[in-house]
Amino acid sequence: MGISHTRCVHNNSQFKVQPLFTKSIKYSTTIKPILDKHCIECHGLEATESGLDLRTLKSILNGGESGPSIIKNKPNESLLLELIEDQIMPPEGASLRKKQIKRLRSWISSGASA
Ligand code: HEC
């Protein structure tokens, strides 16, 4: 892996510079697979612990007994992230990798797009 360069898009006589770093993280492609693998067994499939179903973005936003599990743009107020970062969730099985936790944080910070 090398250092990413900025891409120059020539558009008539003008050109714009688009940084390649602004890769947006989406629920459907990046976040759902993480939650499907590590969370939904207890939150949606075999049980719905604390009333929380983590199978859809809508049910994540609705949250469980403690209220919404994520707050868009506010990672530090998002219970889901807090419990993962404090290694409380998942209570059994493999913990999330640092990279996955970073992606969750960036996704919430950037507005939790679908
Ligand atoms: C082995 C089962 C299990 C797995 C896997 C699991 N959880 Fe949980 N989760 C629980 C239980 C049990 C509670 C209730 C804890 C309590 O009330 O003390 C809970 C509670 C929660 C809550 C609080 C909900 C509320 O509104 O009070 C959140 C948020 C949460 N889990 C997120 C996650 C996330 C995110 C994952 C995946 C990274 C995950 N959990 C994986 C069992 C699980």
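The values are calculated or read from the model by the stated rules, or taken from the named source; none is laboratory data. All figures in this text were calculated on a predicted structure; none of them were measured in a lab. So basically every Cβ, Gly included, is an ideal-geometry build from the backbone, and we count neighbours across all protein chains shown.
Could you tell me which of the residues Ile84, Ile40, Ile71, Ile31 is surrounded by 12 or more Cβ atoms within 10 Å (Cβ to Cβ) and either within 11 Å of the chain's Cα centre (by Cα) or touching a residue at least 60 places away in the same chain (Cβ under 8 Å) (or both)? Can you show your working first?
Details: Ile84 fails: either within 11 Å of the chain's Cα centre (by Cα) or touching a residue at least 60 places away in the same chain (Cβ under 8 Å) (or both); Ile40 fails: either within 11 Å of the chain's Cα centre (by Cα) or touching a residue at least 60 places away in the same chain (Cβ under 8 Å) (or both); Ile71 fails: either within 11 Å of the chain's Cα centre (by Cα) or touching a residue at least 60 places away in the same chain (Cβ under 8 Å) (or both).
None of the other options fit; the residue is Ile31.
Here Glu92 passes the criteria (1) surrounded by 12 or more Cβ atoms within 10 Å (Cβ to Cβ); (2) within 16 Å of Ile34 (Cα to Cα) except the one numbered (1). The set of residues in the stretch 49-70 that are of a type in the set (A, V, I, L, M, F, W, C) and either more than 15 Å from Ile31 (Cβ to Cβ) or near the ligand (Cβ under 10 Å from one of its atoms) (or both) comprises Leu52, Leu54, Ile60, Ile70.
For the stretch 21-48, a residue qualifies if it is under 18 Å from Ser109 (Cβ atoms) and either near the ligand (Cβ under 10 Å from one of its atoms) or hydrophobic (A, V, I, L, M, F, W, C) (or both), and the qualifying residues are Phe21, Ile25, Ile31, Ile34, Leu35.
What residue, among those in the stretch 38-59 that are touching a helix residue (DSSP H, G or I) at 6+ places or on another chain (Cβ under 7 Å) and not charged (D, E, K, R), is farthest from Leu79 (Cα to Cα)? Of everything passing the filter in the stretch 38-59, Cys42 is farthest from Leu79 (Cα to Cα).
The lone criterion from (1) more than 9 Å from the ligand (Cβ to nearest atom); (2) part of a loop (DSSP other than H, G, I, E, B); (3) at pLDDT 95 or above; (4) farther than 18 Å from Ser28 by Cα left unmet by Asn76 is number (2).
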